[in-house]
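Scroll down for the structure; my scribbles are underneath it.
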Amino acid sequence: MTSRLQRFRNSGINLTQAVKFVVYVLLLINFAFYIIEDWQIAQFTRANGGTFLQWTSAFATPIDELAWFILLFLFELETYVLDDATLTRRRLILMHGARYACYVFLAHTVYAYSADIVKLRNVEAVENISSLCQMEGGESSFTSNLNYSEITIENCEELSFASEFIYLDPPDYLIVTDAEGFVIETELRIVDLAEAITWLLILFSIEAAVMLQERSIGISPSSGFLSSLGSVASLKLLNRAKVILYCLLWVAIAYWLFRGHYVWAWDEFVWIAGFVLIENNISGWREETTELDSLSQAIKENNAL
């Protein structure tokens, strides 16, 4: 059987492969942006240092993106590049093991976002302060909608006109916001957590679809996990669930656009495109298997005559 990689080479760079290349390059650019953005924010949030877990939480997004890159690469190998004949049980076990390691990093993202939401329940009011200018020259910085600024006599009146303020990070007391900023901070954290969980559910549905496909060609090392499920019915159910999940991601995109986080919205769109391409790989893989089964059955019937 000609390998998927060989078929790709023989046919040249078709439109789908060109789109894949563009999508993956765009994701790498976004990855670099997140590293820079989180490093800039960490200059304020981790100004007094922190534990290893606090630092990894500060860079939760780049860590999350790296894990997704590896998963995207592994799914691309399994669903397009490698031929069925090369997908031995040993190789699949290794690939699945690498994917499960990535899940640990994705779980870290969920933990980091959850911890941020819990911290928001422990905020403290800034006492004896009725103007942000009274905090000028101190260690605290002001934030609103994830825009961090040092409080100076030149910008204090522009940053906020409020008369009441909140410490977002006791006991460090480094980050201050007002009531409007606190609402936005809470909304952003909730959307981040919901988006991370939604992607995990999409990932599990893709994982299940790949396992069903592997089982259909008799190579899955985990076929017993889905042995009681009908492949066709299960795939239909998974596809319906994914439609709902992708719609939730579009809700997150709409919210980030509303808040002016255009790069986040763009990055989400590109990731959706990347995984739609993986879904296309799985569909093509399934069609290829069906065609081969039909051809094999026709040959058997012809030989029986």
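Annotations
- For segment 18-31, Karplus couplings with θ = phi - 60° (6.51, -1.76, 1.60), whole Hz, Gly/Pro x: 5, 5, 4, 4, 4, 4, 5, 5, 4, 5, 5, 5, 4, 4
- Cβ crowding within 10 Å, taken as a proxy for footprinting-reagent exposure, orders Tyr113, Tyr80, Tyr24 from fewest neighbours to most as Tyr24, Tyr80, Tyr113.
- Our coupling estimate for segment 113-120, obtained by passing each phi through the Karplus curve with A = 6.51, B = -1.76, C = 1.60 and θ = phi - 60°, is 5, 5, 4, 4, 5, 4, 4, 5 Hz, Gly and Pro reported as x.
- Relative contact order of segment 124-179: 41 percent, from C-alpha pairs under 8 Å at least 6 residues apart in sequence.
Just so you know, all these numbers are worked out from the coordinates, no wet-lab data involved. Just so it is clear, the structure is predicted and the values come from calculations on it, not from any experiment. Neighbour counts run over all protein chains shown; Cβ positions are idealised from the backbone, glycine included.
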